[in-house]
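Working notes for the structure below.
The values are calculated or read from the model by the stated rules, or taken from the named source; none is laboratory data. What you see is a predicted model; the values in this text were computed from it and never measured. Here Cβ is always computed from backbone atoms with ideal geometry, including for glycine, and neighbour counts include all displayed protein chains. Just the protein is used for accessible areas: all its heavy atoms, side chains included, with ligands, DNA and RNA removed. Shrake-Rupley method; radii C 1.70, N 1.55, O 1.52, S 1.80 Å.
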Amino acid sequence: MFQMIPTVTLKDGLQLPAIGFGTYALNGAAGVNAMVSAIDIGYRLLDSAFNYENEGAVGEAIRRSSVPREQLRVTSKLPGRRQAYAQAIVTIQESLLRARLDYYDLYLIHWPNPKTDLYVEAWQALIDAQKWGLIRSIGVCNFLPEHLERLERETGVMPSINQIELHPYFSQESQRVWDNNHHIVTESWSPLGRASSVLQDKVIKQIAATHRKSVSQIILRWHVQLGAIPLPKSASPERQLENIAIFDFSLSTEEMEQINKLTKADGRIQNQDPAEYEEF
């Protein structure tokens, strides 16, 4: 199935599948089993974080799977409490040791934490870790244009990825356009709105009936056609297969616009505004 999944090429040349697998709350033996199942089904991009406390499970799943490491794309993220330069370097090393990996394909700053104001030196740590071969591609999560502009101004390097909250009730059009104009690929966290009311939306249900697809498949296809890489999470093999089976149909321009119109100004699920929110 992996051969059927299109790829997205980052500005540094790294290729990512057009859909990934989120691993939040997949921990321990059950988490390993869920990840092995996802890899067997065809997922090749695994999204983790230091704060998920499952980098060890990710590494174990990779070792247990039948897919060679070089065919996988593995992501982790730097927590807010480790953004000081020296701490960031040690944390990247610790992330690799936890997973027993030689490198991460992607390493991201989890949140900008603008009040703490250490994200620029955290970014410099990622730049250096990439030079040392610990990371293939470096990026961020939840960064606003003001944060991204500062990274470029003070380090001369822009991220390859910006992973943001993105779902039909919060479509982030202006941020996506800004990222695209600066050759930054957008990834979508909580692409299905954390199984909230968006899965019961009448507009999306009607589109799903038209295509004889599930609501989740319609939403994930919408992400792909926006040019974003969705990262759905499920421990169920049946749902994992359903979520990845979105490349045999397309949404029309009209259907895309119908979904785009569902966005809300206050659509964030937990009101985590990157201009204010601090994550440690």
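Just a few scattered comments:
- Scope the stretch 34-78; condition part of a helix (DSSP H, G or I) and without any contact (Cβ under 8 Å) to a residue 12 or more places away in the chain; matching residues: 70
- Only listed residue being closer than 23 Å to residue 25 by Cβ and among the aliphatic types (A, V, I, L, M), chosen from 151, 144, 199: 199
- Qualifying residue in the stretch 173-193 (condition: within 17 Å of residue 262 (Cβ to Cβ), at pLDDT below 95 and surrounded by fewer than 23 Cβ atoms within 10 Å (Cβ to Cβ)): yes
- Selection of first residues in the stretch 184-200 that are among the polar types (S, T, N, Q) and of second residues that are open to solvent by 20 Å² or more (accessible area, probe 1.4 Å), restricted to Cβ pairs under 6 Å at least 6 apart or on distinct chains, gives the following pairs, ordered by first then second residue: 186/176.
- Scanning the stretch 196-247 for residues that are open to solvent by 10 Å² or more (accessible area, probe 1.4 Å) and either part of a strand (DSSP E or B) or aromatic (Phe, Trp, Tyr) (or both) yields a single hit, 247.
- Selection count, the stretch 146-161, where residues are surrounded by 14 or more Cβ atoms within 10 Å (Cβ to Cβ) and either in contact (Cβ under 8 Å) with a residue 12 or more places away in the chain or β-branched (Val, Ile, Thr) (or both): 10
- Matching residues, the stretch 249-262, being closer than 12 Å to residue 224 by Cβ and open to solvent by 30 Å² or more (accessible area, probe 1.4 Å): 250
- Consider the stretch 4-56 and keep the residues that are among the charged types (D, E, K, R) and more than 21 Å from residue 191 (Cβ to Cβ). The one that is surrounded by the fewest Cβ atoms within 10 Å (Cβ to Cβ) is 12.
- Residue in the stretch 84-93 that is open to solvent by less than 10 Å² (accessible area, probe 1.4 Å), over 22 Å from residue 230 (Cβ atoms), touching a helix residue (DSSP H, G or I) at 6+ places or on another chain (Cβ under 6 Å) and not small (Gly, Ala, Ser) present: yes
- When residue 112 is tested against (1) open to solvent by less than 10 Å² (accessible area, probe 1.4 Å); (2) not in a loop (DSSP other than H, G, I, E, B), exactly one condition is not met: (2).
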